[in-house]
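Visitor: One structure follows; several queries about it will come next.
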Amino acid sequence: MKIVTVIGARPQFIKAAAVSRAIAEYNAAAQDQYPSIYEVIIHTGQHFDENMSDIFFDEMQIPRPDYHLEINSLGHGAMTGRMLEKIEEVLINEKPDWVLVYGDTNSTLAGALAAKKLHIKVAHVEAGLRSYNMGMPEEINRILTDRISDLLFCPTDTAVKNLEREGFGTFPCCIIKSGDVMQDAALFYRETAARKSDIISRLNLSAKPFALCTIHRAENTDVPERLATIVNALNDITEEMDVILPIHPRTRKIMEAKMLDTKCIIIDPVGYLDMIQLLEHTRIVLTDSGGLQKEAFFFCKPCVTLRDETEWVELVEGGHNTLAGANKLDICSAFLKMRSASPNFDRNLYGAGQAASRIINELFRLQ
């Protein structure tokens, strides 16, 4: 069986690492002279900053991409169109049994479209997520990708129910609750991060509590009023504890252009192992990232989400996460509430580290 994996952004590297490792384990267990599964990796180049991309292949030991398309710094239409064109060329050459796409980026949609138009089966990892905010490019990407996928790997019960409500049971596709491959990765790399990352000592964070924050979503960065109120709230929070802000290149550029001063400790984007160590040692997470909301849960940390909605509703329902939007008072109030919260983290919401193996087994079963 040949699989073409399409990736292009940081969360996809993490997810693909778990599945690539499951492929290697499957091939080793088969003990055949030749691999049972051939994986061909396409990196679209959507994240091109070294700290946002290349470092993940090195430290996570992900197989190097067989194709690097180097498509970035374009608008949504131009980027998706260029990716569609180039991915199609690779698929015609490779003739895979499956195209595997992850999440909700332009790379995800382009990979799915290219495969479907060539009558190649599409498997979507992290299917069924919904924010119900059509102003988010990610929401459009995930809905369209789900609709044309043959195999939908849902991370949660909520994701399965979302698809069922939308009538996917009547479509020619297969819906499977696989669990979340991001938890596979977090469990696998936790020990490695403790050995190899020195970020806590490097930033002198071992002796005091700190908050970990990320901001990158267009709904926050592209609206000056929202970004300004978030920064103001973070400045107030620094009176309680340090706020570590690994800053996305795009967010940094906008903050500088808008002359938004922050009292946060700003650092460059970090690799996955450094991020795991920050999660291990932080007191609380504040983020507009979908992935980091879950990673906070994996590492038993309360989370404040700087958005008006979330795809990971089970975390809000369980008291592990709270939505604060971009209102300064709401963010500060949520911080104080979650800082002292003690939710039950001993819950199996995301598959307990078995998602990647389930995905590989199902791809074989349904090839």
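Visitor: Taking Glu126 as meeting all but one of (1) under 26 Å from Ala22 (Cβ atoms); (2) surrounded by fewer than 18 Cβ atoms within 10 Å (Cβ to Cβ), write down the number of the exception.
Guide: Here Glu126 meets the rest and fails (2).
Visitor: Could you run through segment 280-295 and say how many residues are over 17 Å from Val181 (Cβ atoms) and under 15 Å from the mean Cα position of the chain (by Cα)? Reasoning before the result, please.
Guide: Of segment 280-295, the ones over 17 Å from Val181 (Cβ atoms) are 280-288.
Adding the requirement that they be under 15 Å from the mean Cα position of the chain (by Cα) leaves 287-288.
Of the residues in that region, 2 qualify.
Visitor: Need at least 2 residues that are touching a residue at least 40 places away in the same chain (Cβ under 8 Å) and over 19 Å from Val19 (Cβ atoms) per element, so show me which helices (runs of 4 or more DSSP H) inside segment 261-367 make the cut, counting only ones lying wholly within it. Reasoning before the result, please.
Guide: Working: elements: 272-281, 290-298, 313-317, 328-339, 355-365.
Filter on segment 261-367 gives 272-281, 290-298, 313-317, 328-339.
Visitor: Scan Glu25, Glu39 and give me the residue that is surrounded by 19 or more Cβ atoms within 10 Å (Cβ to Cβ), in contact with a helix residue (DSSP H, G or I) (Cβ under 8 Å, 6 or more places away or on another chain), at pLDDT 90 or above and more than 24 Å from Glu138 (Cα to Cα). Steps first, answer last, please.
Guide: Working: Glu25 fails: surrounded by 19 or more Cβ atoms within 10 Å (Cβ to Cβ).
Exactly one residue qualifies, and that residue is Glu39.
Visitor: Among the residues of segment 330-367, which ones are more than 19 Å from the chain's Cα centre (by Cα), among the hydrophobic types (A, V, I, L, M, F, W, C) and more than 22 Å from Pro209 (Cα to Cα)?
Guide: Ile360, Leu363, Phe364, Leu366
Visitor: So, one more: Any residue at all in segment 229-237 that is surrounded by fewer than 20 Cβ atoms within 10 Å (Cβ to Cβ), assigned to a helix (DSSP H, G or I) and assigned by TED's automatic domain parsing to the domain that holds Val122?
Guide: Checked against the condition, which is being surrounded by fewer than 20 Cβ atoms within 10 Å (Cβ to Cβ), assigned to a helix (DSSP H, G or I) and assigned by TED's automatic domain parsing to the domain that holds Val122, segment 229-237 yields no hits at all.
Visitor: Among the numbered criteria (1) closer than 30 Å to Ile92 by Cβ; (2) part of a helix (DSSP H, G or I), which one does Pro172 miss?
Guide: Of (1) closer than 30 Å to Ile92 by Cβ; (2) part of a helix (DSSP H, G or I), only one is false for Pro172: (2).
The values are calculated or read from the model by the stated rules, or taken from the named source; none is laboratory data. This one's a predicted model, so the numbers in the text were calculated from it and none came from an experiment. Every residue, glycine among them, receives a Cβ derived from its backbone with ideal geometry; neighbour counts consider all protein chains shown.
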